[in-house]
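Right, one structure below, let's go through it.
The values are calculated or read from the model by the stated rules, or taken from the named source; none is laboratory data. Source: prediction; values computed, not measured. All Cβ positions, glycine included, derive from the backbone under ideal geometry; neighbour counts span all protein chains shown. The accessibility values were calculated without ligands, DNA or RNA, using every heavy atom of the protein model including side chains. Shrake-Rupley method; radii C 1.70, N 1.55, O 1.52, S 1.80 Å.
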Amino acid sequence: ADDTIAVVCFNECSNCILPTFSDVTFRVNMSNQTVSPLGVFLAGSFNGFSATADSMIAVGNGVYEKTMSLDTTLSVQYKFVNGSTYEAGNAACGVDDLLGGYNRVYNVLGTNSVLPTVCFNECANCYVPTFSDVTFSVNMSNQTVSPLGVFLAGSFNGFSATADSMI
């Protein structure tokens, strides 16, 4: 009798499983860099590590982002590019790229994801110091003051005996 055989994927025993995709948003903080006039890019295993294929968009405060639709069965390697300069990466948060640097790695989830913002070439977001004015006072009434004056030395000026004169 006539029969219809189940569809199989070429060279497989069952039907092909179609990949599913999730949107993954990559974010890099460039506040520790002078951003190239060429822009900031995302390079990875998903685009042949192209330095210019996927430009990132500035979203404020030095942060750039790019959303990619990626196959949920993939583990992707990637790095950020400033103009034409790839970040070297960091062994603490990457894998050896076999070129003297490190690639970041992300295992694509079955849901849309926004990756944590990282600083260019670092494992975490940029530390942006805040500054405060501090007034130091010293009572010199029981001392003979040198004709050179009185100076403030500390870790903030390399403990220089002459960098910061007091009034």
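Highlighted here are the strands (runs of 3 or more DSSP E) found entirely within the stretch 1-113 that include at least 1 residues which are of a type in the set (Phe, Trp, Tyr) and crowded, with 17+ Cβ neighbours inside 10 Å: 21-29, 40-44, 63-71, 75-82, 102-107.
Out of all the residues in the stretch 99-119, is one or more out of contact with any Phe, Trp or Tyr (no Cβ under 8 Å at 6 or more places or on another chain) and without any contact (Cβ under 8 Å) to a residue 12 or more places away in the chain? The answer is yes; a qualifying residue exists. Residues that are polar (S, T, N, Q), open to solvent by 80 Å² or more (accessible area, probe 1.4 Å), at pLDDT 95 or above and not in a loop (DSSP other than H, G, I, E, B) are absent from the stretch 146-165. For the stretch 114-131, taking the residues that are open to solvent by 90 Å² or more (accessible area, probe 1.4 Å) and aromatic (Phe, Trp, Tyr), the one that is nearest to residue 26 (Cα to Cα) is identified as 127.
Look at residue 47 and say whether it is at pLDDT below 95 and either in contact with a helix residue (DSSP H, G or I) (Cβ under 7 Å, 6 or more places away or on another chain) or polar (S, T, N, Q) (or both).
Values: at pLDDT below 95: no; either in contact with a helix residue (DSSP H, G or I) (Cβ under 7 Å, 6 or more places away or on another chain) or polar (S, T, N, Q) (or both): yes.
The answer is no for residue 47.
In a residue-by-residue description of the stretch 132-140, the property of being assigned to a loop (DSSP other than H, G, I, E, B), at pLDDT 90 or above, open to solvent by 90 Å² or more (accessible area, probe 1.4 Å) and of a type in the set (A, V, I, L, M, F, W, C) applies to at least one position.
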